[in-house]
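Chemist: Here you go, one structure.
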Amino acid sequence: MSEAKVQTGPLVDPYGSTRDDCAVIALKQVTREYAGHGSVVRALGDATFSIVAGEWVAITGPSGSGKSTLVNLIGCLDRPTSGELKIDNVDVASMSATELDRFRADKIGFIFQQFHLIPYLSALENVMLAQYFHSMTDEAEARAALERVGLDKRVSHLPSELSGGEQQRVCIARALINNPPVLLADEPTGNLDAANQTIVAELLQDLHRNGHTIVMVTHDPEMAGLAQRRIALSHGKVFCHPVGGPMVTLRR
Amino acid sequence: MFFRLLMESFRRQRRRKLLAGIAILLGTTAVTAMLALATTIGDRIHKELAVYGANIVIYPKADLLDVKIGGVDVKPASGGSYLKESDLPKLKTIFWGNNITGVSPELPVELAAARQSGGTLFPARAVGYWFDHDFGGLKTGAPALHPWWKLHGAWPTANAATQNAMNVAVGMKFAQQLGLKVGDKFSLHAAPGVGASSSTATVVGIVTTGDDTENEILLSLQDAQMFAGATGSVRRVEVSARTKPEDAFARVDPDSLTPAKREIWYCRPYANSIAYQIREAIPGAQAEQVRRVEQSEGNVLSRISGLMWLISAAALLAAGFAVSAAMATAILERRGEIGLMRSLGASKGAIAMLFYAETGLLAIFAGTLGYLLGSGLAAWLGARIFAGDGGSAEAVLIPVLLPVVVALALVVALVGSTPSIRAALRMDPSAILRADA
Ligand SMILES: Nc1ncnc2c1ncn2[C@@H]1O[C@H](COP(=O)(O)OP(=O)(O)O)[C@@H](O)[C@H]1O
Ligand SMILES: [Mg+2]
């Protein structure tokens, strides 16, 4: 796959509206505008697409094209100015701020480019923090999550004592700990060297094989190529592309 | 997890927290010292003032029967009723007799004085006193009860005078009026028809008192009795006694109490109970607590405590602002952390809780330390201010102040950090991803 294969121009969701029934994420004419100095910035305009359970979607686009805006909306950190955004068949627009906090803890697992680990907590505690804000801490579960990302020997290390790749794996373990239906990754390999990128990529592939839904912002064509589908953003407009690749099999 | 998070984050940002903590520490130290002093200062001032002057006066009961015409007291100033000097040793026999530290009988008598024998006569008021009287082993008299009197020369010695020649001390103004110096002689004349008619007085001392006594002649009690023609009589007795500071119970009428309560009242060294016991001991005597001192005490107290409240309020306010500033930067530095917690689904309440708990913890630490420091400061200040009473630096650890001071510290810290915590929570949680570009 190469950039040449990317078709441009607005597209109707290639899977059609029948997919909406099994959609984990469904946007209908979602617009997000920011009130700037005197003018209104339309960061995302009329976005309509859906992502089904188990799908791995890459969001690409140049800087300022609205990627973060879209990720914030899907991550329930922000709400659309207009349009309908459903996560797990619940309309986010109707929720109060507190309900949204709750909902976010339940539905979304964040994987950040900068890892965002609490520097004074150990790897284990960083994972348990997500449990704490979600419901209750369970050390055994947290250990199991770290083991799953291959960090069973690093549980009591502080983030500063871990390599970038290890930190990102702690971040992934933390994202997984509450079994959210959506994993939202923002440039998950943006801060990693090639070796660690491979480890994280393999981890994401493994998660995908196990049925996790992954929405991933990336600039890296190689990473984008791992996804089944690409959502390209340009000036706040959405273009959806099916991306074929040897290692991707779309389950339908 | 909450406590782990609290403890770990508490240990972070030491410099900022140290700053806020020191502000709270200083504020609570000031408040504790002020409160501790305010509560103990009453006792201390009382002790201090009790060194000076009488706190009980005794006079004849007959004086109670005021003779007033048209609101004017026409009872003669040195009326005809007297106490017996021979009754005074009974003071030592009352229940709190050992608390009596000074006794000073007085006998005023109106005389006339002339610079030279046969010269112009000036009206002169003379008062007989004990000067250095052996009162059952206690050396006491007017100088002991008026320690602020300044004497140039010596006090007249009792029993040293003969009928026609006596030693006297004179008030400073009286001395100026007659142009008298220590060693000078002048003549004294009694009112016609009373006692000894006249005598030559030698000035052995000149007294500065700051009050009317400066216009008077100070005689030995015996000489005054001779002039007044009232042997063995005194007009008034000032008594200084160690007393327990007056409280509400001190002011009750003992005769209205149950016998058991009355017993308790009687056996407490209130000025009132001592006066009561003196009335019992000396027939025909009226004894009363002197309130002059206590009233000025009250004035001093209210002024001092007003000032203290002001200082305390200012100290707390300053602490509040310092906490506010320190927390503003501390929380600003932790925006990322807050954003992460929001992304993990933490509600605003949960995060506010964490930060409030953190400042609260700081306030409890700093407040407790401030309480201890303030108590020490109060003891030190107390010893400084009241150095005169020979009191050492008594520890002023008042346990009830601890919760008060810690509560104040909490209020200051929580109120002070509220603006920054609110600002942090208003922050858009999506900023965490913006940071990643
Ligand atoms: N909070 C905001 N206020 C105003 N404008 C914003 C805000 N956030 C994003 N924008 C604007 O919206 C557009 C899309 O931004 P963003 O979603 O961050 O793009 P990307 O993540 O793809 O770089 C940009 O023009 C940006 O300036
Ligand atoms: Mg961005």
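Chemist: If the requirement is being in contact with a Phe, Trp or Tyr (Cβ under 7 Å, 6 or more places away or on another chain) and more than 16 Å from ligand 2 (Cβ to nearest atom), which of these qualifies: A:ALA173, A:ALA105, A:ALA97, A:ALA142?
Modeler: A:ALA105
Chemist: Mind listing whichever residues of region A:28-65 are open to solvent by less than 10 Å² (accessible area, probe 1.4 Å) and within 16 Å of ligand 2 (Cβ to nearest atom)? Step through it out loud before you land on a result.
Modeler: In the first step, residues of region A:28-65 are kept if they are open to solvent by less than 10 Å² (accessible area, probe 1.4 Å); the result is A:30-31, A:44-45, A:47, A:49-51, A:55-59, A:65.
If the condition is that a residue be open to solvent by less than 10 Å² (accessible area, probe 1.4 Å) and within 16 Å of ligand 2 (Cβ to nearest atom), then A:LEU44, A:ALA47, A:ALA58, A:ILE59, A:SER65 are the ones that fit.
Chemist: If you don't mind, there's one more thing I want to ask. Can you tell me which residue is modelled with the lowest pLDDT among those in region A:195-236 that are within 16 Å of ligand 2 (Cβ to nearest atom) and open to solvent by 20 Å² or more (accessible area, probe 1.4 Å)?
Modeler: Restricting to residues being within 16 Å of ligand 2 (Cβ to nearest atom) and open to solvent by 20 Å² or more (accessible area, probe 1.4 Å), the top hit is A:HIS235.
Chemist: Out of curiosity, is A:SER96 at pLDDT below 90 and within 15 Å of ligand 1 (Cβ to nearest atom)?
Modeler: Here the answer is no, as A:SER96 does not meet what is asked.
Chemist: Go through the residues of region A:114-134 one by one and say whether even a single one is over 30 Å from A:PHE49 (Cα atoms), open to solvent by 60 Å² or more (accessible area, probe 1.4 Å) and away from every other protein chain (no Cβ under 12 Å).
Modeler: no
Chemist: Does B:ALA352 qualify as being free of Cβ contacts under 8 Å to residues at least 12 places away in the same chain and within 14 Å of another protein chain (Cβ to nearest Cβ)?
Modeler: It is false that B:ALA352 is free of Cβ contacts under 8 Å to residues at least 12 places away in the same chain and within 14 Å of another protein chain (Cβ to nearest Cβ).
Chemist: Pull up region A:86-107, narrow it to residues that are of a type in the set (A, V, I, L, M) and at the interface with chain B (Cβ under 8 Å from one of its Cβ atoms), then point me to the one that is farthest from A:VAL170 (Cα to Cα).
Modeler: A:ALA97
Chemist: How many residues are within 18 Å of B:ALA326 (Cα to Cα) and in a helix (DSSP H, G or I) if we restrict to region B:7-18?
Modeler: Residues that pass the stated criteria total 7.
Chemist: Would you say A:SER82 is modelled with pLDDT of 90 or more, among the small types (Gly, Ala, Ser) and more than 16 Å from ligand 2 (Cβ to nearest atom)?
Modeler: Answer is yes for this residue.
Chemist: Sticking with this one: So, in region A:168-179, how many residues would count as being in a loop (DSSP other than H, G, I, E, B) and surrounded by 19 or more Cβ atoms within 10 Å (Cβ to Cβ)?
Modeler: Qualifying residue count for the region: 2.
Chemist: Being within 19 Å of A:GLN205 (Cβ to Cβ), open to solvent by 10 Å² or more (accessible area, probe 1.4 Å) and more than 10 Å from every other protein chain (Cβ to nearest Cβ): is that true of A:GLY165 here?
Modeler: The answer is no for A:GLY165.
Chemist: Among (1) within 16 Å of ligand 2 (Cβ to nearest atom); (2) within 12 Å of chain B (Cβ to nearest Cβ); (3) modelled with pLDDT under 90, which single condition is A:GLY75 missing?
Modeler: Going through the list (1) within 16 Å of ligand 2 (Cβ to nearest atom); (2) within 12 Å of chain B (Cβ to nearest Cβ); (3) modelled with pLDDT under 90, A:GLY75 breaks only (3).
Chemist: Same structure again: Let me spell it out: the conditions are (1) closer than 25 Å to B:ILE100 by Cβ; (2) in contact with a Pro (Cβ under 8 Å, 6 or more places away or on another chain), and B:ARG279 meets all of them except one. Which number is the exception?
Modeler: With respect to (1) closer than 25 Å to B:ILE100 by Cβ; (2) in contact with a Pro (Cβ under 8 Å, 6 or more places away or on another chain), B:ARG279 is out only on (2).
Chemist: Testing A:PHE49 on (1) more than 10 Å from ligand 1 (Cβ to nearest atom); (2) of a type outside the set (D, E, K, R); (3) free of Cβ contacts under 8 Å to residues at least 40 places away in the same chain, one condition comes back false. Which one is that?
Modeler: Only one criterion in (1) more than 10 Å from ligand 1 (Cβ to nearest atom); (2) of a type outside the set (D, E, K, R); (3) free of Cβ contacts under 8 Å to residues at least 40 places away in the same chain is unmet by A:PHE49, namely (3).
Chemist: Those residues that are within 13 Å of another protein chain (Cβ to nearest Cβ) and part of a loop (DSSP other than H, G, I, E, B), I need them from region A:180-196; list them, please.
Modeler: A:PRO180, A:GLU187, A:PRO188, A:THR189, A:GLY190, A:ASN191, listed by residue number.
The values are calculated or read from the model by the stated rules, or taken from the named source; none is laboratory data. Just so you know, these numbers come straight off a predicted model, no measurement behind them. So basically every Cβ, Gly included, is an ideal-geometry build from the backbone, and we count neighbours across all protein chains shown. Surface areas here come from the heavy atoms of the whole protein model, side chains and all, with no ligands, DNA or RNA. Shrake-Rupley method; radii C 1.70, N 1.55, O 1.52, S 1.80 Å.
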